[in-house]
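The values are calculated or read from the model by the stated rules, or taken from the named source; none is laboratory data. Note that the coordinates shown come from a computational prediction; the quantities given were computed from them, not determined experimentally. Using ideal geometry, Cβ is built from the backbone for each residue, glycine included, and neighbour counts are taken over all protein chains shown. For the accessible areas, the whole protein counts, side chains as well, though only heavy atoms, and no ligand, DNA or RNA atoms are used. Shrake-Rupley method; radii C 1.70, N 1.55, O 1.52, S 1.80 Å.
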Amino acid sequence: MENFFTPTKIWKDGGPFPHVLVLLGEYPEFREYARAHHDLLSEYSEQLGVIPEQWLHSTVQGIHHALDAKQMAQFRSALHDELAGMQPFQVQLGPVWPGITAVTVAVYPEDGMAALNYRVRTAAEKVPGISLRGKEARFWAHASLTYARADFSSRDLNRALRALRPPRVNITIDRVHFVNQYQHPDRGYYTWDVVEEVQLG
């Protein structure tokens with residue numbers, strides 16, 4: 001694997017930065033799924049930042065610059081407006097994907113998460129001064145279990161991850177959280193302070 005926290009990915013302004021997340025640590029089923037991989041990933045704790053259960057998440061949309069109080073209030077209001085018209089939806093989490101810079105979990109089907117991303121981006125675009133990174137051609141719905149903190153040979157890890165294959169889990173996404181997110185390259189993962197929970201529908 002290759003270090004996720006390269007200079008180009010480290011937040012130059014330090015943060016925290018506003019993000020909209022699905023807090024997967026709130027779902028017991030997903031905590032159990034992550035726990036099934038924990039012992040194996042912990043064997044590589046010198047090279048990996050194994051994400052603690054309370055910080056497990058799926059990113060819906062990030063804003064990679066600070067907002068002032070007025071922008072925060074406008075974005076919160078726009079989020080409520082956009083998400084009021086979206087009904088809760090089910091996703092299946094799994095399998096695990098051993099990647100180049102992270103070990104991620106697939107989220108299927110992708111349609112619900114893509115629609116959620118679209119609505120959150122629409123809310124952000126209504127607020128003067130918010131600048132979003134370019135839209136992906138196809139939104140990549142995923143969650144991360146760990147980020148690489150160093151370059152290392154991951155052949156044995158990948159083989160062991162493929163051998164685990166715990167049962168996939170189904171959850172209903174009925175809310176998102178607007179947070180101020182912090183990046184911790186030294187720990188190898190992200191944390192946040194919750195600003196507000198926003199219910200779908």
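Quick rundown of the values:
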read-out	value
Close pairs from the range 49-73: first among the aromatic types (Phe, Trp, Tyr), partner part of a strand (DSSP E or B) and surrounded by 15 or more Cβ atoms within 10 Å (Cβ to Cβ), Cβ under 7 Å, at least 6 apart	55/189; 55/190; 55/191
Only listed residue being part of a helix (DSSP H, G or I), out of contact with any strand residue (DSSP E or B) (no Cβ under 6 Å at 6 or more places or on another chain) and over 21 Å from residue 22 (Cα atoms), chosen from 163, 114	163
Any pair with Cβ under 7 angstrom, 6 or more apart, that starts in the range 88-105 at a residue that is over 14 Å from residue 161 (Cβ atoms) and ends at one that is open to solvent by 30 Å² or more (accessible area, probe 1.4 Å) and among the basic types (Lys, Arg)	92/168; 93/168
Residue count for the range 7-31, restricted to those that are in contact with a Ser or Thr (Cβ under 9 Å, 6 or more places away or on another chain) and open to solvent by 50 Å² or more (accessible area, probe 1.4 Å)	1
Selection within the range 68-106 - open to solvent by less than 50 Å² (accessible area, probe 1.4 Å), modelled with pLDDT of 95 or more, under 23 Å from residue 27 (Cβ atoms) and in a loop (DSSP other than H, G, I, E, B)	86
Test: residue in the range 140-160 that is farther than 30 Å from residue 44 by Cβ and either part of a strand (DSSP E or B) or of a type outside the set (Val, Ile, Thr) (or both)	no
Candidate set: the range 142-178, residues that are open to solvent by less than 20 Å² (accessible area, probe 1.4 Å) and small (Gly, Ala, Ser); chosen: the one farthest from the chain's Cα centre (by Cα)	154
Flag if residue 34 is open to solvent by 10 Å² or more (accessible area, probe 1.4 Å), out of contact with any Lys or Arg (no Cβ under 8 Å at 6 or more places or on another chain) and assigned to a helix (DSSP H, G or I)	yes
Residue in the range 37-55 that is within 16 Å of residue 170 (Cβ to Cβ), open to solvent by less than 30 Å² (accessible area, probe 1.4 Å), within 19 Å of the chain's Cα centre (by Cα) and not aliphatic (A, V, I, L, M) present	no
Filter pass, residue 201 being open to solvent by 10 Å² or more (accessible area, probe 1.4 Å) and among the small types (Gly, Ala, Ser)	yes
